[in-house]
Protein chains: 2
Amino acid sequence: MSTDVYEELITEQKRVALLGSCGHVLGWDRETYMPRGGAEHRANQLSLLAGLGHQWGTSPRIGELLEQVEGTDLGDADGAKAVNVREARRQFDRATKMPQKLVEEISRVTSLAQQAWIDARKEADFSKFQPWLEQIVSLKRDEAQAVGYGDGIPYDALLDEFEPGTTAAEVTAAFTPLREELVKLVGGIRESGVQPNHEILTRTYPQTAQAEFGTKVAAAIGFDFDRGRLDVTTHPFCSGFGPGDCRLTTRYDEHHFPGAFFGTMHEAGHGIYEQGLDPDAFGTAMGSSRSLGIHESQSRMWENFVGRSRAFWNHFYSDAQSTFPDALGDTSLDDFYAAINDVRPSMIRVEADEVTYNLHIMLRFEIEQPLIAGDLQPADVPSVWNEKFEQFFGIVPKNDSEGCMQDIHWSAGLIGYFPTYALGNMYAAQFFNAAARELGDLHTMFAKGEFEPLKNWLNVNIHQRGQQYRAPRMAEVVAGETLSHEPLVEHLNSKFKPLYRLD
Amino acid sequence: MSTDVYEELITEQKRVALLGSCGHVLGWDRETYMPRGGAEHRANQLSLLAGLGHQWGTSPRIGELLEQVEGTDLGDADGAKAVNVREARRQFDRATKMPQKLVEEISRVTSLAQQAWIDARKEADFSKFQPWLEQIVSLKRDEAQAVGYGDGIPYDALLDEFEPGTTAAEVTAAFTPLREELVKLVGGIRESGVQPNHEILTRTYPQTAQAEFGTKVAAAIGFDFDRGRLDVTTHPFCSGFGPGDCRLTTRYDEHHFPGAFFGTMHEAGHGIYEQGLDPDAFGTAMGSSRSLGIHESQSRMWENFVGRSRAFWNHFYSDAQSTFPDALGDTSLDDFYAAINDVRPSMIRVEADEVTYNLHIMLRFEIEQPLIAGDLQPADVPSVWNEKFEQFFGIVPKNDSEGCMQDIHWSAGLIGYFPTYALGNMYAAQFFNAAARELGDLHTMFAKGEFEPLKNWLNVNIHQRGQQYRAPRMAEVVAGETLSHEPLVEHLNSKFKPLYRLD
């Protein structure tokens, strides 16, 4: 009896997820190939699917099934059954608290806002984006009220969507000491006088060669192109449609090597996570990625801990030299390695180095919180952004396109999302250390082009665990400690201090 | 009150169409960009959407709304309201008459049969396809019984799905005299001894240049690339997702110019129709294309009446020469024009010339009818095909892959579909004449690169009329005569007799 109820619950969940995955295809197409004239119809399509998914996901039948199954013995609390029910309950409660009209309105507005953002960003004209940002902030505040939150912090309700169970206070508790250490390291680097030759990376890297090289490397680290692809979009992303189909995107600049290359590594890291999920558990918690922070731990591990390591380039550099002979033919590995690890204040988050990146996140976190609390008006975002930017980095964006309009997130309604990037950096360091403790020296493997041990370890220890644990608990189980800034700080210090001849 | 009921009906219809259009995006992606590993999940997604669409389209509520609204005054019988209700009724009745089990069985069998067809065709082994054809014919006969038909002709029920209101008897009445005229013309051409230099078209035409040229020409004749795109697939098609978004596909062969070029013109013709539909009426009969025959009248008009005309190439040939200097630099327009209008019996329908193409259709029509009537067994299709082929073309296929297994249609359950191709040719001639009567000499315009007058005329007289009239009545209203073979015969004679120095 309890098994039948559980099976019916799982069937319902899979059906909702399958419908949701249709929306992912439409969302991917909107960013990659949709002609501009299709925007309005696409918004209607996505709104229909989102509304329907919400309706299915909040059907009274699921509520009944949950109540019935929760009254039975679900076995081990960390077992598949208990986990699937626990997370289904969380999802159901969150979804049922959201009025259907709000869900549809958010879908409709953000779909149109993204086109407005593209135009406004192209023209560096914030006034064209501002009315959309106002609508979105207002809708997200409505969402926070609808979903509810403890401790009087509406922002927690939004953060919880992306990082279940983690609060703004916990993020702040991790960010505060991290920021202190980063400021120290950045200061030391600035004062070191060491200046990598950044010009190396702005030579001519033909797009076709970049695409070929990026694809080859993504495949080498374990992204399976029989079950995915790589396309071009304005803002790179990874979208897992379901078993056997995961789409990565990147963007190419023929005079900026790191953008597409590390972007591809980053998205491939997300893709390897998606491809590592249990296909039979698709649509259930045990077959789903844990949280954005954990997702980001995977992308940033492959991008930074692997892709920006000396060992990685010991293996790939000669290949890079023959792929880009004009740009790299006469450049030493040492100079190249220093250039891709050039730490300096810069405008664009996605192009930031491994150290200052986290400061970009903290800045957004400090703007999003008062926006949602109602203490900051959307109209004032550009001036507050520029002020804080100067305070954090000592420089000021020359316009809002390289300032507060650089990211797609807000136009897509993704507020409460940014902190997960820095959480991901911290978790990445924790997991990387745990893998090394178990597998031995990973850098020795990278230098031989051996990435499978790390990939397999991640498959077993992270990917196949699905949503078995909440993120901080996962860190405890996998790495022996809850969320901590220390492994990341250690990693950064031990990598960058020698590079900049500090201490 | 009646208005409220009508509005609710329209809202339901638009909702079903919007959901269907999500499936179109997924179907397009499957053919264009989906990695092979995504096939199973995609099948699940499409099956979910199709099942849901069927469920919505046959909901008792629509039946109630129809009954209520049909009891009220719907105004002019050719007005939007009456038309939308009339066609909604047709769609609803057809859908509700189909037992769910039959729908599912057809979907299951055709999905497997298509794979069997691919394999059987590769091996030129009809015996591997025969059991599938038997099942499909049997299921389609069940479908005819379920849907119902007048005059004791089950085939009419199948034809009606693609060409509403047109019967096999009406098709035969048009095909019989058409065939007589075609046989005369083909005989004359054969005996003329004139042999265009076909080799011209098999020289090297680089793919990038073909894509550029095809895109330029498609845009020039009026396909709007802000509201559509052109991609590459194994089997070319056009898919209108809805207002503002219509996707064309083609396939390139660097040693066969006409394939991609006229394929692009053909699909662009379909696309111009889709783009010409009234966007505000999306999802209703007044915002939908009329029938496959009318759709094909548009694609084949742009492909043949425009794209294979001398006037068209008067305008475009120098451009073609500079785009393909190696292939066409030393070739005269006369020789090129003769080559693209080379008439000769050939095995493959999709590669046939404008004249013999119709004979390929008649042959299939003459096989499909006894198959569905039960007077021809699937096992006998190859021998009947070959017999008829010799009778029609004077040649015999060397195997069943270039014979009765060349088309995907039967394996996909599309029986009753083929006649619409030749109906399209006849309607194309009728509409083309009507446009010329109103606009003046179209060829003079083409020679100056002026395609907008024809496109605008089609927009107003065909596209924006949606499903206002059934196809033969549309011909009456637009061209002053019901379906007729004569304008097509006139067109073919006046074009090909001079080319082959006949009379």
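Looking at the stretch B:392-451, which of the residues that are in contact with a Leu (Cβ under 6 Å, 6 or more places away or on another chain) and of a type in the set (S, T, N, Q) is farthest from B:I153 (Cα to Cα)?
This residue is B:N425.
When you go through B:E387, B:E368 one by one, which is the residue that is crowded, with 21+ Cβ neighbours inside 10 Å, more than 29 Å from B:Y337 (Cα to Cα), at pLDDT 95 or above and acidic (D, E)?
B:E368
If you check B:R108 against the conditions, is it closer than 30 Å to A:D226 by Cα, more than 10 Å from chain A (Cβ to nearest Cβ) and without any contact (Cβ under 8 Å) to a residue 12 or more places away in the chain?
On the way: closer than 30 Å to A:D226 by Cα: yes; more than 10 Å from chain A (Cβ to nearest Cβ): yes; without any contact (Cβ under 8 Å) to a residue 12 or more places away in the chain: yes.
Yes: the conditions hold for B:R108.
Picking from A:R229, A:R203, A:R247, which residue would you name as being out of contact with any strand residue (DSSP E or B) (no Cβ under 8 Å at 6 or more places or on another chain) and of a type in the set (K, R)?
A:R203
Report yes if A:S111 is in a helix (DSSP H, G or I), surrounded by fewer than 21 Cβ atoms within 10 Å (Cβ to Cβ) and not acidic (D, E), otherwise no. Before the answer, list the steps.
Details: in a helix (DSSP H, G or I): yes; surrounded by fewer than 21 Cβ atoms within 10 Å (Cβ to Cβ): no; not acidic (D, E): yes.
Taking the combined requirement at face value, the residue does not satisfy it.
How many residues are free of Cβ contacts under 8 Å to residues at least 60 places away in the same chain and surrounded by fewer than 16 Cβ atoms within 10 Å (Cβ to Cβ) if we restrict to the stretch A:321-330?
Of the residues in that region, 4 qualify.
Starting from residues that are surrounded by fewer than 16 Cβ atoms within 10 Å (Cβ to Cβ), more than 24 Å from B:D375 (Cβ to Cβ) and touching a helix residue (DSSP H, G or I) at 6+ places or on another chain (Cβ under 9 Å), keep the ones in the stretch B:119-139 and report whichever is modelled with the lowest pLDDT. Spell out how you get there, then give the answer.
Here is the first cut: in the stretch B:119-139, the residues surrounded by fewer than 16 Cβ atoms within 10 Å (Cβ to Cβ) are B:119, B:122-125, B:127, B:131, B:134, B:138.
Those left that are additionally more than 24 Å from B:D375 (Cβ to Cβ): B:119, B:122-125.
Those left that are additionally touching a helix residue (DSSP H, G or I) at 6+ places or on another chain (Cβ under 9 Å): B:119, B:125.
On the way: B:D119: 93, B:D125: 97.
Per the stated criteria, the residue is B:D119.
Give the number of residues within the stretch A:473-486 that are of a type outside the set (V, I, T), assigned to a helix (DSSP H, G or I) and either touching an Asp or Glu at 6+ places or on another chain (Cβ under 8 Å) or surrounded by fewer than 20 Cβ atoms within 10 Å (Cβ to Cβ) (or both).
Total meeting the criteria: 4.
Could you tell me whether any residue of the stretch A:177-195 is assigned to a helix (DSSP H, G or I), farther than 20 Å from A:N341 by Cα, touching a His at 6+ places or on another chain (Cβ under 8 Å) and modelled with pLDDT of 95 or more?
Yes, that holds for at least one residue.
Criterion first (touching a Gly at 6+ places or on another chain (Cβ under 6 Å) and part of a helix (DSSP H, G or I)) does A:S299 satisfy it?
Numbers: touching a Gly at 6+ places or on another chain (Cβ under 6 Å): yes; part of a helix (DSSP H, G or I): yes.
For A:S299, the condition - touching a Gly at 6+ places or on another chain (Cβ under 6 Å) and part of a helix (DSSP H, G or I) - is met.
All but one of (1) within 14 Å of chain B (Cβ to nearest Cβ); (2) in a helix (DSSP H, G or I); (3) over 23 Å from the mean Cα position of the chain (by Cα); (4) at pLDDT 95 or above hold for A:A43, so report the exception by its number.
The failed condition is (4).
Is it the case that B:R308 is surrounded by fewer than 22 Cβ atoms within 10 Å (Cβ to Cβ), more than 14 Å from chain A (Cβ to nearest Cβ), at pLDDT 95 or above and assigned to a loop (DSSP other than H, G, I, E, B)?
In short, yes.
Conditions: (1) of a type in the set (S, T, Y); (2) part of a loop (DSSP other than H, G, I, E, B); (3) within 22 Å of B:P164 (Cβ to Cβ). B:S401 meets all but one. Number of the miss?
(3)
When you scan the stretch B:168-196, how many residues do you find that are surrounded by fewer than 18 Cβ atoms within 10 Å (Cβ to Cβ) and touching a Gly at 6+ places or on another chain (Cβ under 9 Å)?
1
When residues of the stretch A:148-163 are filtered for being assigned to a loop (DSSP other than H, G, I, E, B) and closer than 11 Å to A:T420 by Cα, how many remain?
Qualifying residue count for the region: 1.
Does the stretch A:350-365 hold any residues that are modelled with pLDDT under 95 and either of a type in the set (S, T, N, Q) or surrounded by fewer than 19 Cβ atoms within 10 Å (Cβ to Cβ) (or both), and which are they?
Scanning the stretch A:350-365 gives A:V350, A:E351.
For the structure I just gave you, tell me whether B:T215 is within 14 Å of another protein chain (Cβ to nearest Cβ), among the hydroxyl-bearing types (S, T, Y) and either assigned to a helix (DSSP H, G or I) or loosely packed, with under 14 Cβ neighbours inside 10 Å (or both).
Judged against the criteria, B:T215 is a match.
Of the conditions (1) surrounded by fewer than 21 Cβ atoms within 10 Å (Cβ to Cβ); (2) touching a helix residue (DSSP H, G or I) at 6+ places or on another chain (Cβ under 8 Å), A:S318 clears all except one; give me its number.
(2)
Filter the stretch A:261-289 down to the residues that are among the charged types (D, E, K, R) and either surrounded by fewer than 22 Cβ atoms within 10 Å (Cβ to Cβ) or more than 12 Å from the chain's Cα centre (by Cα) (or both) and list them by number. Spell out the reasoning first.
Going through the stretch A:261-289, the residues among the charged types (D, E, K, R) turn out to be A:267, A:274, A:278, A:280.
Once the filter is applied, which keeps residues that are among the charged types (D, E, K, R) and either surrounded by fewer than 22 Cβ atoms within 10 Å (Cβ to Cβ) or more than 12 Å from the chain's Cα centre (by Cα) (or both), the stretch A:261-289 yields A:E274, A:D278, A:D280.
Over 30 Å from B:C404 (Cβ atoms) and polar (S, T, N, Q), is that true of B:S288?
Values: over 30 Å from B:C404 (Cβ atoms): yes; polar (S, T, N, Q): yes.
So B:S288 fits the description; yes.
Give the stretch A:10-33 a look and list any residue that's assigned to a helix (DSSP H, G or I), hydroxyl-bearing (S, T, Y) and either facing chain B (nearest Cβ under 7 Å) or buried (at least 20 other Cβ atoms within 10 Å of the Cβ) (or both), or say none.
Residue satisfying the conditions is A:S21 alone.
Assuming A:R36 fulfils every condition listed in (1) surrounded by fewer than 19 Cβ atoms within 10 Å (Cβ to Cβ); (2) more than 8 Å from chain B (Cβ to nearest Cβ); (3) of a type in the set (K, R) apart from one, which condition is it?
For A:R36, the exception is condition (2).
Being more than 21 Å from the chain's Cα centre (by Cα), within 22 Å of B:N399 (Cβ to Cβ) and in contact (Cβ under 8 Å) with a residue 12 or more places away in the chain is the filter here; which residues of the stretch B:331-376 pass it?
Residues satisfying the conditions are B:R344, B:P345, B:L371.
Filter the stretch A:261-289 down to residues that are farther than 21 Å from A:P453 by Cβ and either outside any helix (DSSP H, G or I) or of a type outside the set (G, A, S) (or both), then give me how many there are.
Residues flagged as farther than 21 Å from A:P453 by Cβ and either outside any helix (DSSP H, G or I) or of a type outside the set (G, A, S) (or both) within the stretch A:261-289 amount to 12.
What about B:F451, is it touching a Gly at 6+ places or on another chain (Cβ under 9 Å) and either of a type outside the set (V, I, T) or farther than 28 Å from B:S288 by Cα (or both)?
yes
In this structure, does A:K388 turn out to be over 16 Å from A:T356 (Cβ atoms) and basic (K, R)?
no
Can you name every residue in the stretch A:219-250 that is in contact (Cβ under 8 Å) with a residue 24 or more places away in the chain, within 13 Å of chain B (Cβ to nearest Cβ) and part of a helix (DSSP H, G or I)?
Scanning the stretch A:219-250 gives a single hit, A:R227.
Do we find a residue being in contact (Cβ under 8 Å) with a residue 12 or more places away in the chain, β-branched (V, I, T), touching a Leu at 6+ places or on another chain (Cβ under 9 Å) and at the interface with chain A (Cβ under 7 Å from one of its Cβ atoms) anywhere in the stretch B:49-68?
no
The values are calculated or read from the model by the stated rules, or taken from the named source; none is laboratory data. Given the structure is predicted, the values throughout are model-derived calculations rather than measurements. Neighbour counts run over all protein chains shown; Cβ positions are idealised from the backbone, glycine included.
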